[in-house]
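Novice: First the structure, then my questions, so here it is.
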Ligand SMILES: Nc1ncnc2c1ncn2[C@@H]1O[C@H](COP(=O)(O)OP(=O)(O)O)[C@@H](O)[C@H]1O
Ligand SMILES: [Mg+2]
């Protein structure tokens, strides 16, 4: 955690100073009591029968003593309040920084990362684990330090007050530390397990909440509830197990410490009776012993918290140090001719890391000159979307190379590469924002007028204007308040706004009715002019105007040619075309 504390070291030092001040005051209090008993009351008791001015003196010093006591208490109060504020501030600050750092790291991960780690789990780490750390940094550690000071200072004062009683005390305590440390380790392990279980439960809930309509349509509410209950039950059991161990640890510590102290006090009381110790000394010894015992009690509890947070920190650091499987090059080359895009796939083969036994793409070679349009057609599962994923470098090719303007895309920075690509994905993503901002996502610095212009071209204008608040209408989380076709048109407008030299359309018009499809196609044709375009399409009618068609099947390119050429051959394309056009 140190790297996260370093920027606030001044505050940490300040908190430390305040802590010392508060602890120092607390340690002085028993001394004041000792004097009060031995001199204040003692003298007061002795002045009975003495001349009147002696009584007056005693009263004055008594008043002075109480005034000093109140003074000490006030310093203590202010120091405690200031420390509380400073330490909490550092705790909140570190948590916020940690959350952003983890989030930034997670956002840079390749899709492969999310194939293994569920988003619900990431969320649980971001909120639950960081909250644990906040408790520890923002209160437990300072409580622990305070207790440590109380403990250490108390020990010193105990030694000064009565070395004999102190040695007795110390010997007994040393014997008792070892089992406490051992139990502490166990708590840490159990804590990590319990956090993992909570994360599992939230991952499950996250997935199901995203699919409520499907769950209800298949009337699986009860089964899903049972699944979640079971998962919550598991985390309950681990948590209770942890709590049991911790409770036992607390009981053990309290018994050990108070037992020791009572024993030592018993010895001390005997000493006072024999006259080898004053009543005031024993009183201050009792107060110091109470401070020490309280200190140990809190430290034990804090130790439990710290161990819990250590488990949480481990999980967070895992995220924080996660390396994306897509490595940025050390020395990024600049892209030649950045305003155009010529693509070439050179003997590209690819296997998904999660499915290494089958080749998703097998020795693909394809050249697309700048400004040309090419359609990828073929049965689903042929590997068309995979080609797009490789172009965007969500995955790296297993063999061969992909070049943009002659430059291997692995030699470009991810930003430069993706900056040149506008994509309309297979399932259009809509953010929970209004229509205007959803389109503007393609180019955040675009003016309102530019957004309206592409909206007209992508035919979103007419339906957005019919929404209750026009472009300001909130589209719902994941665009739940739009139809599939409307979502697609917004995604198209967003891609057109980006104005990148390479346009990727993955079944971009598949959710549209025939009439809108023809209209949107006109908009797209305008967008494709002067751009390199790759279109994945199921309906062959939509790709009759492209320069070339590549037909894919089982990860291979089986035919390429112009639409007319391919129709004349008797291959896969001719078969598909016959099915689609001869109805
Ligand atoms: N993330 C993934 N992990 C493993 N296999 C995948 C993944 N995505 C797609 N595939 C597989 O790769 C093949 C090609 O998929 P895809 O490129 O999406 O086909 P399509 O031509 O329909 O777009 C399919 O067999 C699919 O099951
Ligand atoms: Mg696909």
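Novice: Let me have the relative contact order for region 319-442, percent, based on Cα pairs under 8 Å that are six or more residues apart.
Specialist: 32 percent
Novice: What is the spin-label model distance, in nm, from residue 349 to residue 176 if the labels are put 7 Å beyond Cα along the C-beta direction?
Specialist: Here the modelled spin labels are 6.9 nm apart.
Novice: By how many nm would the segment from residue 207 to residue 255 lengthen if fully extended, with 0.36 nm per residue of separation less the alpha-carbon distance?
Specialist: Full extension from residue 207 to residue 255 adds 12.6 nm.
Novice: Continuing with this model, one more query. Pop a pseudo-label 7 angstrom from the Cα along the beta-carbon direction at both residue 565 and residue 6 and give the gap in nm to one decimal.
Specialist: Output for this residue pair reads 6.0 nm.
Novice: Further question on the same structure: Using 0.36 nm per residue, how much length does the chain from residue 541 to residue 401 gain when fully extended, once their Cα-Cα distance is taken away?
Specialist: Using 0.36 nm per residue and subtracting the Cα-Cα distance, I get 47.2 nm.
Novice: Right, here's the next one. Quote the FRET efficiency, to the nearest 0.05, computed for residue 483 versus residue 317 with a Förster distance R0 of 60 Å and r equal to the Cβ-Cβ distance.
Specialist: Efficiency, rounded to the nearest 0.05: 0.85.
Novice: If you take the square roots of the eigenvalues of the alpha-carbon gyration tensor of region 493-551 and sort them as a ≥ b ≥ c, do you get rounded (a/c under 1.5), prolate (a/b over b/c) or oblate?
Specialist: The shape class here is oblate.
Novice: A follow-up question, please. Going by average Cβ density within 10 Å per residue, which order do the peptides 288-296, 531-539, 352-360, 8-16 take, highest to lowest?
Specialist: 288-296, 531-539, 8-16, 352-360
Novice: Taking Cα atoms, how many degrees apart are the long axis of helix 448-457 and the longest axis of the chain, rounded to 10 and kept between 0 and 90?
Specialist: Approximately 40 degrees, to the nearest ten.
Novice: How would you order 507-518, 98-109 from highest to lowest mean count of nearby Cβ atoms within 10 Å?
Specialist: 507-518, 98-109
Novice: To check you understand DSSP bridge types, tell me what percent of the beta bridges within region 343-581 (both residues inside) are antiparallel, rounded to 5.
Specialist: Of those bridges, close to 50 percent are antiparallel.
Novice: Turning to a different aspect of this structure: Can you compute the label reach from residue 100? Point 7 Å from Cα along the Cβ direction, backbone N cut-off under 14 Å, restricted to region 1-23.
Specialist: Correct set: 4-5, 7-8.
Novice: Here's another thing I want to ask about it. Once the Cα atoms of helix 163-209 and of the chain are each reduced to a long axis, what angle between those two axes, in degrees from 0 to 90 to the nearest 10, is obtained?
Specialist: 20 degrees
Novice: Could you compute the FRET efficiency for residue 244 and residue 116, with r as their C-beta to C-beta distance and R0 at 41 Å, rounded to 0.05?
Specialist: 0.80
Novice: Taking the Cα atoms of region 343-581, what is the range of coordinates along each of the three principal axes, in descending order and whole Å?
Specialist: Sorted from largest, the Cα extents of region 343-581 read 51, 43, 34 Å.
Novice: Provide, for q = 0.20, 0.21 Å⁻¹, the log10 of I(q)/I(0) from a solvent-free Debye sum over equal Cα point scatterers in region 284-398.
Specialist: Results for region 284-398 at q = 0.20, 0.21 Å⁻¹ read -1.18, -1.23.
Novice: Using the count of nearby Cβ atoms within 10 Å as a rough guide to exposure, how do 76, 89, 303 rank from fewest to most?
Specialist: 89, 76, 303
Novice: With each pseudo-label sitting 7 Å past Cα toward Cβ, what's the residue 75-residue 328 distance in nm, one decimal?
Specialist: Spacing of the two 7 Å Cα→Cβ label points: 5.3 nm.
Novice: Indicate the gyration tensor shape class of the chain (rounded, prolate or oblate), computed on the Cα atoms with a ≥ b ≥ c the square roots of the eigenvalues: a/c under 1.5 is rounded; otherwise a/b larger than b/c is prolate and the rest oblate.
Specialist: prolate
Novice: May I ask you to give the average projected area over all directions of the convex hull of the Cα atoms of region 332-450, in nm² rounded to one decimal?
Specialist: For the Cα atoms of region 332-450, the hull's average projected area reads 9.3 nm².
Novice: I would also like to ask the following. Classify region 118-192 as rounded, prolate or oblate, taking a ≥ b ≥ c as the square roots of the eigenvalues of its Cα gyration tensor: rounded when a/c is under 1.5, otherwise prolate if a/b is larger than b/c and oblate if not.
Specialist: It is oblate, given that a/c is not under 1.5 and a/b is not larger than b/c.
Novice: Just subtract the alpha-carbon distance of residue 265 and residue 164 from 0.36 nm times their residue separation and send over the number in nm, one decimal.
Specialist: Going from the current span to full extension adds 35.2 nm.
Novice: Compute the helix-to-body angle for 221-274: its Cα long axis versus the longest principal axis of the chain, expressed 0 to 90° and rounded to tens.
Specialist: On a 0 to 90 degree scale, this one is about 20.
Novice: I would also like to ask the following. 222 nm [θ] for the chain, helices only, -39500 (n - 2.57) per DSSP H run of 4+, per residue, to 500?
Specialist: Helix-only estimate at 222 nm: -21000 deg cm²/dmol.
Novice: Starting from the Kirkwood Rh over alpha-carbon pairs, what translational D in µm² s⁻¹ does region 2-320 have by Stokes-Einstein at 10 °C and 1.306 mPa s?
Specialist: Calculated translational D: 68 µm²/s.
Since every read-out is calculated from the coordinates, none of them should be taken as a lab result. This is a predicted model, so every value here is computed, not measured. All Cβ positions, even for glycine, are placed from backbone atoms using ideal geometry, and neighbour counts span all protein chains on display.
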